[in-house]
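The values are calculated or read from the model by the stated rules, or taken from the named source; none is laboratory data. All values reported here derive from a predicted model rather than from experimental measurement. Every residue, glycine as well, gets a Cβ built from its backbone with ideal geometry; the counts of neighbours run over all protein chains shown.
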Amino acid sequence: MMKERILELLQGRGFVSGQKISEQLGVSRTAVWKYINALRKEGYELESVTRKGYRLLKSPDVLTRERLAGLLKPDLLTGDLCCYDSIDSTNEEAKRKSREGAPDDSLYVADVQTRGKGRRGRSWKSPGGSDIFFSLLLKPDIPMESASMVTLVAAYAAVLTAQKYAREACHIKWPNDIVLHGKKICGILTEMSTEMNQIDAVIVGVGVNLNRTDFEPEIQDMAGSILSESGRSVNRGEFLRDFIKEFNRVYQEFLDRGDLSFLRPAYNSRLINVNRQVRIIRPPSLGDMTGTALGINDRGELLVRDAEGGLHEIRSGEVSVRGLYGYV
């Protein structure tokens, strides 16, 4: 805990005197010096200058609570922060913690998921050391039918963040994938728990391929990472910080307005499906359909015009959308 608080004091600042740290934390300057040395052993680059104090130069790319709390708390995250070397699924952990009474705006982060999952029951491979997997536990006061819009809020935050680090255009494949050069680099799974016909929790799970370069043969034609596609490596903690910053901004406006009317033009401008032929994969009883994607409406539904001119409003929880001749 003490190392975490020292990192919070040093994060994003210049030199901070040992005296100031000791006064803020209520420990001796000798204790501060010992904690600084412990942080150095963990990979933090810390400069110390007489009569100036300590300055954080570089943080290791680790997903520890000390590291992430320094980036996120208290300004960007108000709930719990839980970090795991390995876990079955951050979404499943968020559900467990929600049942135990975890507060709104809690975050669960893992280096490795052993049973990661995507939409429609698909698995999500989650190796350690290169990518990031996390879930936000939210408790919004919104109608149940509005919960699916949170997926689009998260997708928009993810595309902005990915674009910042890739330094080139990234796009959204409706409703929940982020693509770079036509390859999936991020997936989002939103799940909801209810009680007495009201939302108890909305859990937004995000998996981002940041620095991975090797992919299983069955997905290598459609999967990529920011590193594999742009040649730029990404610090995972910094990516998470920037995602949470973007998500908070858009999510709050969504809560204030109650729909996605404010986001629709910007979302559609990054939607790779717009004006393309798409195949809507529906339950067998309905059969698949094809048409031209026109963008989303204020509720986040995908508008698709069929060959006869009919307009369809496609809800994200009911179908899967593919390009007519491939993934996008």
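Brief remarks on what is shown
- Qualifying residues in region 240-263 (those that are over 20 Å from the mean Cα position of the chain (by Cα) and free of Cβ contacts under 8 Å to residues at least 60 places away in the same chain) - the one nearest to ILE296 (Cα to Cα): SER261
- Search result, residues across region 282-302 that are aliphatic (A, V, I, L, M) and surrounded by 14 or more Cβ atoms within 10 Å (Cβ to Cβ): MET289, ALA293, LEU294, ILE296, LEU302
- Criterion (in the same structural domain as VAL150 (by TED's automatic domain parsing) and in a loop (DSSP other than H, G, I, E, B)) met by exactly one of PHE243, PHE262: PHE262
- Some residue of region 280-294 being within 27 Å of LYS139 (Cα to Cα) and either touching a residue at least 60 places away in the same chain (Cβ under 8 Å) or of a type in the set (Val, Ile, Thr) (or both): no
- Enumeration of residues in region 298-323 that are under 18 Å from MET144 (Cα atoms) and touching a residue at least 24 places away in the same chain (Cβ under 8 Å): ASP298, ARG299, GLY300, ILE314, ARG315, SER316, GLY317, GLU318
- Selection status of ARG51, charged (D, E, K, R), under 27 Å from SER233 (Cα atoms) and not in a helix (DSSP H, G or I): no
- The residue list GLU92, GLU45 contains one member that is assigned by TED's automatic domain parsing to the domain that holds SER233, without any contact (Cβ under 8 Å) to a residue 24 or more places away in the chain, touching a strand residue (DSSP E or B) at 6+ places or on another chain (Cβ under 9 Å) and not hydrophobic (A, V, I, L, M, F, W, C), which is GLU92.
- Extreme residue, modelled with the highest pLDDT, among residues of region 36-63 that are of a type in the set (Ser, Thr, Tyr) and buried (at least 17 other Cβ atoms within 10 Å of the Cβ): TYR54
- With respect to the conditions (1) surrounded by 20 or more Cβ atoms within 10 Å (Cβ to Cβ); (2) hydrophobic (A, V, I, L, M, F, W, C); (3) in contact with an Asp or Glu (Cβ under 8 Å, 6 or more places away or on another chain), ILE244 falls short on a single one, namely (3).
- Pick from region 258-294, criterion touching a His at 6+ places or on another chain (Cβ under 9 Å) and among the β-branched types (Val, Ile, Thr), ranking: nearest to THR151 (Cα to Cα): ILE272
- Of the criteria (1) out of contact with any Lys or Arg (no Cβ under 6 Å at 6 or more places or on another chain); (2) among the small types (Gly, Ala, Ser); (3) not assigned by TED's automatic domain parsing to the domain that holds ARG241, which one GLY70 fails: (3)
- Scanning region 7-27 for residues that are small (Gly, Ala, Ser), assigned to a loop (DSSP other than H, G, I, E, B) and surrounded by 14 or more Cβ atoms within 10 Å (Cβ to Cβ) returns a single hit, SER17.
- Region 70-91, subset more than 16 Å from the chain's Cα centre (by Cα) and surrounded by 20 or more Cβ atoms within 10 Å (Cβ to Cβ), residue nearest to VAL112 (Cα to Cα): ILE87
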